[in-house]
Amino acid sequence: MSTDTIVPSIPDLSDPAGFASEVPHEAFDAIRQMPGLYWQPAKAGTLNGGFWCITRHADIAEIERNPEVFSSRWGPFFPTLPAPHNEFSRNIMYNDPPDHSRLRRAAARSFGPRVIANFDTWVREIVVEVLEDITDRGEVNWIDDVAAIIPSRVIARVIGVPHHDRQRIVDWTLAIFDAAEKPNGGESMLMLLPEIHSYLEQLRTDKLRDPQDDFATVLARCVERGEISQPEFLAYLILLLIAGFETTHTVIAQAMRLILEDSQVADVTGRAIDGGSLDGLVDEFLRYVTPAMNMARTVTRDVDFHGTQMREGDLVQMFFTAANRDPVVFADPHRFDPFRTGNEHMSFGNGPHHCIGKNLARLELRILFEEMHRRGVLVALNGEPRRGWSTFINKLLSMPVTVTMADRQEARP
């Protein structure tokens, strides 16, 4: 397809307004069926005036496996940051192998399946505390009072942030994601860093003086051994604050909206929980919601990608939300089915950059569904959900609900 061609039925995928009412899945379906790739012009935020839309599951997997040609050095987001060497470039997501591999090794053992399995007890305590609070109150905002609270408290515990600083995590995270949606998003994000850096510098000092069983202590010791630098320590924790919060936050929000608005989703969710298919349920919500809808790579040299000529500096936008509805991979992809087998969704990315915290996110979601079902927590809409404008996060801003208790036989999340 010519780089000058815009299909009238496809919204501007560089504009958050195109995602204001819902994810434009019909547009992604149309793009996926086109020969070659679709070029989305963009007024700002790229080196070459737009980006290639990658919507096929196989194409994204291929790009993710080839960091020499499709690099993360300019960042994994649209809009891109002003230059490849900036305050965010020490973040693991802004690196290709071998630096990416070195940085990933520093954290890998802290997020392995056996380690995360040991978190069950205290994660459950956090979830139960939140559920008891909202049932006592009766009327709450599901986004602010559940979806934001559970992951922020969990990631604070994992990192080792004191209880009294939890709200800082939420405030900083939301501010960074808000900045990412602005035309000068990269520069706006950079302005947030001094306060965050100052706090994390003090946290590192505290952990070396009084080591704890937490991630900040692990990374602080990595700095002392010369395995990572001090700037990399800061970048790593900032990433964990953001990624550890936003993915789970968005799935908790959108999963409940789907349950409350779609009787078919509510029915199969109940059957999945009753039948012990919680793992399948969690993965299907991850696929169906796709919290982080896309990631970007920058082309390092002119290349022919299956007949599409890409230029050095071109941005490729990998739409995971489209890949997760690819009919080549998922039968009846627009149907919510927690019993589907071989759910190879891309909600945690793919290849070397797949999300290191995926086991933690799955644990939080599974425990939330378990405890809601076990306790008979019933939720009903008490107002219209309000969606956020974002090309990146499939987010809800608010969802007023009423919360009551039911007999166990009637219990459904």
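Of all residues in the stretch 185-194, one or more are at pLDDT 85 or above and more than 24 Å from Arg366 (Cα to Cα). Of the residues making up the stretch 270-283, just one is over 24 Å from Arg65 (Cα atoms) and under 15 Å from the mean Cα position of the chain (by Cα), namely Val282. Checked against (1) surrounded by fewer than 17 Cβ atoms within 10 Å (Cβ to Cβ); (2) outside any loop (DSSP other than H, G, I, E, B), Ala361 meets all criteria but (1).
Candidates Ser21, Ser101, Ser110: the one that is exposed (fewer than 15 other Cβ atoms within 10 Å of the Cβ), of a type in the set (S, T, N, Q) and in contact with a helix residue (DSSP H, G or I) (Cβ under 8 Å, 6 or more places away or on another chain) is Ser101. From (1) modelled with pLDDT of 95 or more; (2) within 22 Å of the chain's Cα centre (by Cα), pick out the condition that doesn't hold for Arg137. Of everything listed in (1) modelled with pLDDT of 95 or more; (2) within 22 Å of the chain's Cα centre (by Cα), Arg137 misses just condition (2).
Does His345 satisfy the criteria of being of a type outside the set (Gly, Ala, Ser), over 21 Å from the mean Cα position of the chain (by Cα) and not in a strand (DSSP E or B)?
No, not satisfied.
Of all the residues in the stretch 26-37, those that are surrounded by 15 or more Cβ atoms within 10 Å (Cβ to Cβ) and either assigned to a loop (DSSP other than H, G, I, E, B) or within 24 Å of the chain's Cα centre (by Cα) (or both) number 6.
Can you tell me which residue among Val328, Val377, Val401 is surrounded by 21 or more Cβ atoms within 10 Å (Cβ to Cβ), at pLDDT 95 or above and over 22 Å from the mean Cα position of the chain (by Cα)?
Numbers: Val328 fails: surrounded by 21 or more Cβ atoms within 10 Å (Cβ to Cβ); Val377 fails: surrounded by 21 or more Cβ atoms within 10 Å (Cβ to Cβ).
It is Val401.
So that you can scan it fast, the table gives a plain yes or no per residue for (1) modelled with pLDDT under 95; (2) surrounded by fewer than 21 Cβ atoms within 10 Å (Cβ to Cβ):
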{"residue": "Thr5", "(1), (2)": "yes, yes"}
{"residue": "Pro11", "(1), (2)": "yes, yes"}
{"residue": "Trp39", "(1), (2)": "no, no"}
{"residue": "Lys43", "(1), (2)": "yes, yes"}
{"residue": "Thr55", "(1), (2)": "no, no"}
{"residue": "Trp74", "(1), (2)": "yes, no"}
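Take the conditions (1) at pLDDT below 95; (2) in contact with an Asp or Glu (Cβ under 9 Å, 6 or more places away or on another chain); (3) of a type in the set (S, T, N, Q); Asn382 misses just one of them, which is (1). Reported count of residues in the stretch 212-233, each being under 21 Å from Val154 (Cβ atoms) and either in contact (Cβ under 8 Å) with a residue 40 or more places away in the chain or outside any helix (DSSP H, G or I) (or both), is 8.
The values are calculated or read from the model by the stated rules, or taken from the named source; none is laboratory data. Note that the structure is predicted; figures quoted are calculated from it, not measured. Note: ideal-geometry Cβ built from the backbone for every residue, glycine included; neighbour counts use all protein chains shown.
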